[in-house]
Amino acid sequence: MAFITLNKAHLFHNLDLLCAKAGGKHKVMAVLKDNAYGHGLEIMASLIHAYGIRKIAVKNLQEARLVSSLFDETLVLVEHPTCKEVPSNVSLAIHSYESLLCLERGSSLHVALDTGMHRNGIKEDEIEKTLEYVAHKGLVLKGMFTHFRSADELSSDFFWQRRAFESVKAKTKLLLDTLRLPPIAFHACNSAGLLRSHSLGSDDFARCGISLYGYTTLSPLIGHYDLLPVLSLWGERLSTRVLKKGERVGYGGVYEASHDEVISTYDVGYGDGFFRFDGHEPVVMTNGQKSKGKMSMDSFCLGGEADEVCLFNDANALAQQFKTINYEIITKLSPSLKRIVI
Ligand SMILES: *Cc1c(COP(=O)(O)O)cnc(C)c1O
């Protein structure tokens, strides 16, 4: 059965690097959304908890319910706010003023602030009415955050968004005092934002996703970071045959044997969330072997008869080949693949 291995030493190495940069374990919120970027939510949550991280972010309440009991705080990033009860250690990210109005008294929230990405968040001129509503309705405001549109690119965008957030922070602190609301946490940096910064400044923590798993999309001109990929994908041999010279294998018969050769089929396909290759540009395994023919839904072919084969232990080459980013290669992997911690 195809499986994924998760390298605990690599994960802890990445966490060491991120926590050192952020200023401690309490300054890192681990982003475990989308099944922990395809790594497996529950297994990654328990490793991250064992390391000593106490704050996480997930995609929705369904994910929060699976793992929030391990952590002091779980931030739900993309759930439509409803009047449903949520546990007190779970907070919702609020992306517009209107969505505040759905929350019940006592609900915990972090307000997203639009500082220039224009994807989500309230505007600076809505802060006052937002805080007044929070005070009036008895909501528990835990934090305010923003997200950078170009943290991984060599451009000045990162700096003006950071400055905009700093000025809103000052304004918000004054308003909180006036309204007699308790202090809140401010956070802005994702992985790239943290990695390229000297420190978090006056932010309370960074929200780190991709870097935990050993990747960055930061421009190499900005810096090189010693991150180690955590996940490897393995296939197991289903069958082996001899392909005679001139015989073709798989859908469309794209690959033709130029001489008699031993060929095996392995149990990973695009149904497992691997990108489908069309047989014209082979995928290179970690041992250097090249795939043969088109990938099927649940299998693909390779020369030889090894019992197991590692499809990848670093998503960057595949991201390049399939014209996407490392995030997509790992996040798409099926939750039903077996996960093993090594
Ligand atoms: C996904 C996400 C992150 C993590 O981003 P990385 O680039 O993976 O570190 C941080 N903040 C928000 C709001 C996100 O949606």
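The values are calculated or read from the model by the stated rules, or taken from the named source; none is laboratory data. Small disclaimer: the values here were computed from a predicted structure and weren't measured. Note that each Cβ is placed from the backbone with ideal geometry, even for glycine, and that neighbours are counted across all protein chains shown.
Screening the stretch 16-59 for residues that are within 17 Å of LYS332 (Cα to Cα) and among the acidic types (Asp, Glu) and picking the one that is nearest to the chain's Cα centre (by Cα) gives ASP34. When LEU233, LEU181, LEU174 are checked against the criterion of being at pLDDT 95 or above and touching a strand residue (DSSP E or B) at 6+ places or on another chain (Cβ under 6 Å), a single residue qualifies: LEU233. Residue count for the stretch 92-130 under the criterion of being more than 16 Å from the ligand (Cβ to nearest atom), surrounded by fewer than 21 Cβ atoms within 10 Å (Cβ to Cβ) and not in a loop (DSSP other than H, G, I, E, B): the result is 8.
The rows are residues; the columns are (1) away from the ligand (no atom under 16 Å from the Cβ); (2) out of contact with any Phe, Trp or Tyr (no Cβ under 8 Å at 6 or more places or on another chain); (3) of a type in the set (A, V, I, L, M).
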residue	(1), (2), (3)
PHE3	yes, no, no
LEU11	no, no, yes
ALA22	no, no, yes
LYS33	no, yes, no
MET44	no, yes, yes
ALA50	yes, yes, yes
ALA57	no, yes, yes
GLN62	yes, yes, no
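Taken over the stretch 134-156, the criterion of being more than 15 Å from the ligand (Cβ to nearest atom) and either of a type in the set (S, T, N, Q) or modelled with pLDDT under 80 (or both) is satisfied by LEU154, SER155, SER156.
Among residues of the stretch 64-91 being within 16 Å of the ligand (Cβ to nearest atom) and polar (S, T, N, Q), the one that is nearest to the chain's Cα centre (by Cα) is THR74. For the stretch 257-342, the strands (runs of 3 or more DSSP E) that sit wholly inside it and include 2 or more residues that are aliphatic (A, V, I, L, M) are 261-266, 308-312, 338-341. Regarding LYS171, is this residue under 18 Å from LEU75 (Cβ atoms) and touching a residue at least 40 places away in the same chain (Cβ under 8 Å)? For LYS171, the condition - under 18 Å from LEU75 (Cβ atoms) and touching a residue at least 40 places away in the same chain (Cβ under 8 Å) - is not met.
In the stretch 160-245, counting only strands (runs of 3 or more DSSP E) that sit wholly within it, the ones holding 2 or more residues that are more than 16 Å from the ligand (Cβ to nearest atom) and surrounded by fewer than 19 Cβ atoms within 10 Å (Cβ to Cβ) span 231-243. The one condition from (1) of a type in the set (Phe, Trp, Tyr); (2) under 29 Å from ASN316 (Cβ atoms); (3) in the same structural domain as VAL86 (by TED's automatic domain parsing) that TYR225 does not meet is (3). The residue that is nearest to the ligand (Cβ to nearest atom), among those in the stretch 298-328 that are of a type in the set (A, V, I, L, M, F, W, C) and surrounded by fewer than 18 Cβ atoms within 10 Å (Cβ to Cβ), is ILE325.
Listed by first and then second residue, the pairs with beta-carbon distance under 7 Å, at least 6 apart or on different chains, first residue in the stretch 52-76 and under 18 Å from HIS39 (Cα atoms), second at pLDDT below 95 and among the β-branched types (Val, Ile, Thr), are LYS59/VAL78; ASN60/VAL78.
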